[in-house]
Each structure stands twice: as C-alpha cells, then as structure tokens.
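Visitor: First the structure, then my questions, so here it is.
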Amino acid sequence: MNPVDLISKKRDGSALTPDELNYLITEYVNGKIPDYQISAFLMAVYFQGMTAGETATLTQLMRDSGTVLDLSSIPGFKADKHSTGGVGDKVSLVLAPLVASAGLIVPMISGRALAHTGGTLDKLEAISGFRTGLSISEMKKQLEKIGVIMVGQTEDLCPADKRIYSLRDATATVSSIPLICASILSKKLAEGIDALVLDVKAGSGAIFDEKEKSWELARKLVETAHHFDLKTSAIITSMAQPLGNAVGNWLETKEAIETLKGEGPADFVELTLALSAQMLVQGEIVKSISEGMSLLEKKIASGEAFEKFLQIVEMQGGDVASVEKPESYPTSKFSFELKSDKPGYVSKIHSREIGQISMALGAGRSSMDDAVDYTSGIVLKKKIGDKVEADETLAFAYSNSEELLAENKTRFSKAFAISSEKTQQPLLIYGVIDASGEREWGA
Ligand code: URA
C-alpha cells in the first residue's frame, strides 16, 4: 500500500477498507507516514465524509493506538460525560462529584483549553496543587476509594488522536463529523466505561453553529458508540449564550463550587442536572429523569456532592482551603465594568466572542505550551431576556494585564445587543438521542 493511492481513493469519494485505514493510522503513529500526507487525507475526509463502517474502523484504530483501561476489578457502573465544547461550560466540575455521590463510578478524563473554549483540566488546576496527571494505578486506587477521578489523558491513551487532533487544528479539518466521532469516541472507549452521555452543543460558541448539523453529529456519535455496544445518549443543547455567568478558569471553578453548595445560576443547574440524571438512568440507579433530578437535588442539599468534590481535591493534592473558602482566592489586578448605553432587553450575547475575549484576556492559550492566567475572564450580570436600565452593569471583564483589558474593551461591548422589545430566554435543551430513538427534551 502507499499513502498517495489511499489519499486519492478518498479524495475521489471511495470508502477505504479496514486494512487501508489500519495502514494509514498505524504507519502514521509509527512515524512512517509524514504529517503532510495525513493532512491531505484529513482534508479528503472533510470533503468526502466516511461511511458508518469507516467511521467505526477509524474509531477502533484510534482507541487501540494506545492503552485501553481495564476497570473490571472495580465494582460498580462506570459512566462518563463528554461535551463537544462550549463557552462557560464547567458542567464536568459539578457533574463528576454529583453523580459519584449518587453511586456511579466516574473515570473522567478531560482536556485543556484550546481555541475559544475552556478546558476542565485548566479549571481544576486553578486550584493550587491539583494534580491532573495521575498514573493508571493511582487512577484505579482513587476510583476504588472515592468512586471518581478527574484527570488528563496519559501519554499512552489514544496517541493517534493526540497527533491527529493537533493536525486537524492546524489544517481547518476539525469540523468533520466522522473525524469528531472517531476523536471523541476513541478516547471515551479507552476509558473502559459502561455508559456515556454526550452534550452536543449547537450555536455560536459550538463546533457547529447550525442546530441541524449538531443533531446530525449527535446521531452519528450515538450510532458509532452503539457499534461498540457502549450505552450512549446524546443531549443536544444550546450555546446561544455562555452557560452560567462565569467564563475563565478560576471564575468557573468558583461558580462550580457555588453550584455544588446549591447556589448556582439557573441555566447551569438545569443542564448539569439533566446530564447527570441521564447518567443515573443509564446506570439504573433511577427509573426516570425526574426521579434522577430529585435524587441529585437531595445530594446537593445534603452537602454530599460538595463533600465528594472536596475528597477529589484532597486526593489529587489540591488546596482544600481555597475550595472551602473561595473568597480567599486571589483576584485579578484589573477589571472593567461594561454598562448598557440604553434601556431595554438583552437580545444577544455572542458566545464565541465572549470565549475569545476571555482567552485574549489571559484565560486561554494559543499553543499547548502557553501558560494560562487562572483569574482572568468574564462574569455576566445579565443574560438574554433580562431587562436592563441605561448605565446598568451588563458584565465584568478581569485580567492581570491592563493593556489586554484596554485592547478588548470595544470588542467586549460589541458582544452584547440590547433591544427595545422584550426578548425571550433561549431554549437551553433541544432534545435527546438514545437507543430508543430521538425526541425533544422532556417529551
Ligand atoms: N472534542 C474532541 O475530543 N475531538 C473533537 O474532534 C472535537 C471535540
């Protein structure tokens, strides 16, 4: 076989055989095929797509490019959640301890911030001393002891995805449905879980702006996961505005802590409970979403969910005192208060822009080796549908660089639109796809 023939075969619209895909992935990981040929192959897939069979084969090859965790020695139902990425999406920080406090085993492996979306690992590492790089034996020990880990990908977990994802990022081939399916599911299948809930975002801060394309991605993710007999549900949710109020590493961790204590913003609480309840249904801890929601509300009210988060922080070396007293955490040196220049209703908050501005203020990185500034970011005081008076605060921006704050002021003000007409709050959860088909949320 040779790479040029396989690239032209895909470029011209034919499906590759499992042997041909195996050759491309194995030889790439072994350093025998260069980046430029895989880049061309990825672009061919971007335009020509892949059959369901090809997508499943690619997923399997990527999963098997490294270690697959065997958690069979740990009793209990193992489940995880994955989001396709959004702005202000700190769901994992609340969901992992919450569902673990309700009895699930949660081997959660997350990523870092890149582009305009934050990463769970950066939010956790905002807690001084928090270690996200556990060895496989440390992971198993912690799962046995407290039922949950919140860690990063090890070197030998899906190395093919690590390399291919970087290439996709640099070659404008991220938004290809079969490539997204293989990337997400290879990592989740390598975790050795029994079930998975996917949060597939739609809107200005998501991979796909168009709702229909997000539904299509959700369908393909569920179809591919079922090929591996992984119990999977996808929930399609809105990114019409950032989730919750905080955007930026520590700001989001602080909001997650408040939520675990029962004081979270309504939209963030609604989505976290919905995804968590879906996991409890999968694990047969409850029979219905509504039963799951009420159990989860009790776990928050009793303090058990927050206690579980404290256990995670303690076992992974984080500063427990800063989580118990978040007000003691240092704040950014500089801030800017954005006020409305007229009365009316908030009609638009541009999620992608808010994400990009937060990153530009220091919360993000433009390459994997950049350091992040944990305290910078944005806190929204108004959301879509809220009434606002002239001169009333819309949001705050925080940074440790006065220069970055000044540079982003105009862009920040343009991320909001105020209308004189009353506007509706956007729908947060569109629908769900699982083994019994697809339906609107709550139907
Ligand atoms: N998240 C991933 O892990 N991979 C993708 O391709 C997109 C989102």
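The values are calculated or read from the model by the stated rules, or taken from the named source; none is laboratory data. All values derive from a computational prediction rather than experimental measurement. Using ideal geometry, Cβ is built from the backbone for each residue, glycine included, and neighbour counts are taken over all protein chains shown. In case anyone asks, the SASA skips ligands and DNA or RNA and just uses the protein heavy atoms, side chains included. Shrake-Rupley method; radii C 1.70, N 1.55, O 1.52, S 1.80 Å.
Visitor: Only one of (1) open to solvent by 20 Å² or more (accessible area, probe 1.4 Å); (2) more than 18 Å from Thr55 (Cα to Cα) is not met by Ser175, so which one is it?
Guide: Failed condition: (2).
Visitor: Another question about this same structure. I'm trying to understand the selection: among the residues of segment 181-195, which are crowded, with 21+ Cβ neighbours inside 10 Å and touching a helix residue (DSSP H, G or I) at 6+ places or on another chain (Cβ under 9 Å)?
Guide: Result: Cys181, Ala182, Ser183, Ile184, Leu185, Ser186, Lys187, Lys188, Leu189, Ala190, Ala195.
Visitor: Name the residue that is farthest from the chain's Cα centre (by Cα), counting only residues in segment 39-86 that are in a loop (DSSP other than H, G, I, E, B) and within 14 Å of the ligand (Cβ to nearest atom).
Guide: Only one residue fits best here, namely Met50.
Visitor: I'd like the residue in segment 135-166 that is buried (at least 20 other Cβ atoms within 10 Å of the Cβ) and either among the aliphatic types (A, V, I, L, M) or outside the structural domain of Ala321 (by TED's automatic domain parsing) (or both) and, out of all such residues, is nearest to the ligand (Cβ to nearest atom).
Guide: That would be Ile164.
Visitor: Would you confirm, using the coordinates I've provided, whether Ile236 is more than 13 Å from the ligand (Cβ to nearest atom), touching a residue at least 40 places away in the same chain (Cβ under 8 Å) and surrounded by fewer than 21 Cβ atoms within 10 Å (Cβ to Cβ)? Spell out the reasoning first.
Guide: Details: more than 13 Å from the ligand (Cβ to nearest atom): yes; touching a residue at least 40 places away in the same chain (Cβ under 8 Å): yes; surrounded by fewer than 21 Cβ atoms within 10 Å (Cβ to Cβ): no.
No; evaluated as a whole, the condition is false for this residue.
Visitor: Which condition from (1) within 16 Å of the ligand (Cβ to nearest atom); (2) touching a Ser or Thr at 6+ places or on another chain (Cβ under 7 Å) is the one that Pro242 breaks?
Guide: Going through (1) within 16 Å of the ligand (Cβ to nearest atom); (2) touching a Ser or Thr at 6+ places or on another chain (Cβ under 7 Å) one by one, Pro242 breaks only (1).
Visitor: Being more than 8 Å from the ligand (Cβ to nearest atom) and assigned to a helix (DSSP H, G or I) is the filter; apply it to segment 167-180 and report the residue that is farthest from Val29 (Cα to Cα).
Guide: Filtering first and then ranking leaves Ile177.
Visitor: Going through Leu198, Leu217 one at a time, which residue ends up being within 13 Å of the ligand (Cβ to nearest atom), crowded, with 21+ Cβ neighbours inside 10 Å, part of a helix (DSSP H, G or I) and of a type outside the set (Phe, Trp, Tyr)?
Guide: Numbers: Leu198 fails: part of a helix (DSSP H, G or I).
Selected residue: Leu217, the only one of Leu198, Leu217 that is within 13 Å of the ligand (Cβ to nearest atom), crowded, with 21+ Cβ neighbours inside 10 Å, part of a helix (DSSP H, G or I) and of a type outside the set (Phe, Trp, Tyr).
Visitor: For segment 263-348, give me every one of the helices (runs of 4 or more DSSP H) that falls completely inside it and has 1 or more residues that are within 25 Å of Ala195 (Cβ to Cβ) and open to solvent by less than 80 Å² (accessible area, probe 1.4 Å).
Guide: Details: elements: 266-282, 289-301, 304-315, 320-324.
The helices (runs of 4 or more DSSP H) meeting that bar are 266-282, 289-301, 304-315.
Visitor: I'd like to check something: does segment 220-230 contain any residue that is aliphatic (A, V, I, L, M), buried (at least 22 other Cβ atoms within 10 Å of the Cβ) and within 13 Å of the ligand (Cβ to nearest atom)? Break it down stepwise before answering.
Guide: Taking segment 220-230 as the starting set, the residues that turn out to be aliphatic (A, V, I, L, M) are 221-222, 225, 230.
Retained after the next criterion (residues that are buried (at least 22 other Cβ atoms within 10 Å of the Cβ)): 221-222, 225.
Add one more test, that the residue is within 13 Å of the ligand (Cβ to nearest atom), and what stays is 221.
The answer is yes, given that some residue of segment 220-230 is aliphatic (A, V, I, L, M), buried (at least 22 other Cβ atoms within 10 Å of the Cβ) and within 13 Å of the ligand (Cβ to nearest atom).
So that you can scan it fast, the table gives a plain yes or no per residue for (1) surrounded by 14 or more Cβ atoms within 10 Å (Cβ to Cβ); (2) at pLDDT 95 or above:
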| residue | (1), (2) |
| --- | --- |
| Asp12 | no, yes |
| Glu27 | yes, yes |
| Asn30 | no, no |
| Ser39 | yes, yes |
| Gly66 | yes, no |
| Phe77 | yes, yes |
| Lys81 | yes, yes |
| Gly85 | yes, no |
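Visitor: Within segment 408-430, which residues are among the polar types (S, T, N, Q) and buried (at least 17 other Cβ atoms within 10 Å of the Cβ)?
Guide: Once the filter is applied, which keeps residues that are among the polar types (S, T, N, Q) and buried (at least 17 other Cβ atoms within 10 Å of the Cβ), segment 408-430 yields Asn408, Thr423.
Visitor: Go through segment 87-131 and give me each residue that's open to solvent by 10 Å² or more (accessible area, probe 1.4 Å) and in a loop (DSSP other than H, G, I, E, B).
Guide: Once the filter is applied, which keeps residues that are open to solvent by 10 Å² or more (accessible area, probe 1.4 Å) and in a loop (DSSP other than H, G, I, E, B), segment 87-131 yields Asp89, Ala102, Gly103, Gly111, Arg112, Ala115, His116, Gly118, Ser128, Gly129, Phe130, Arg131.
Visitor: Does at least one position in segment 276-284 carry a residue that is β-branched (Val, Ile, Thr) and touching a strand residue (DSSP E or B) at 6+ places or on another chain (Cβ under 9 Å)? I'd like the intermediate steps shown before the answer.
Guide: Step one: of segment 276-284, the residues β-branched (Val, Ile, Thr) are 281.
Cutting the leftovers down to touching a strand residue (DSSP E or B) at 6+ places or on another chain (Cβ under 9 Å) gives us 281.
Scanning segment 276-284, I find at least one residue that is β-branched (Val, Ile, Thr) and touching a strand residue (DSSP E or B) at 6+ places or on another chain (Cβ under 9 Å), so the answer is yes.
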